[in-house]
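Following: one structure in structure tokens, then a few remarks.
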Amino acid sequence: MNLIATVVRLGCTPGVRWASELLGMTDAMIVELGLQAMTIAAKMCAPVLVTALLIGFAISLFQSVTQIQEATLSFVPKAIAVGAAILFSGNWMLHEMVTYTTQLFEKVPTLLG
């Protein structure tokens, strides 16, 4: 209880470092962690989403050229292509996630103070 009151009091005193700096986490660190998490999430989603986008575009172009208006026609090729994208890029995705998680666990002592 005393530590919390001291930290709050120090954070309000002019010329003294903020309470978060005394505990180890700064707002810049939090923003950096959030940015890294969003970047890794975008990198993980990219192969699957780009594959689905390209296959969906190709099938819709084929449907408009041949005037076939079947809504379920795009599902099977898109599902196969997404499965193939996961199969081919899964090893890379796993490596990226393991690297990110390892780096995050290595940062824990510096983040906590």
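The values are calculated or read from the model by the stated rules, or taken from the named source; none is laboratory data. Being a predicted model, the structure only gives us computed values, none of them experimental. Cβ: placed from backbone, ideal geometry, glycine included. Neighbour counts: every protein chain shown.
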Check on A46, modelled with pLDDT of 90 or more and more than 30 Å from V76 (Cα to Cα) | no
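Tell me which residues, restricted to region 84-113, are assigned to a helix (DSSP H, G or I) and farther than 27 Å from V50 by Cβ. Quick ask: steps written out before the conclusion?
The first filter runs over region 84-113 and keeps only residues assigned to a helix (DSSP H, G or I), leaving 84-112.
Residues satisfying the conditions are F105, E106, K107, V108, P109, T110, L111, L112.
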Does region 24-33 contain any residue that is outside any helix (DSSP H, G or I) and loosely packed, with under 14 Cβ neighbours inside 10 Å?
-> yes
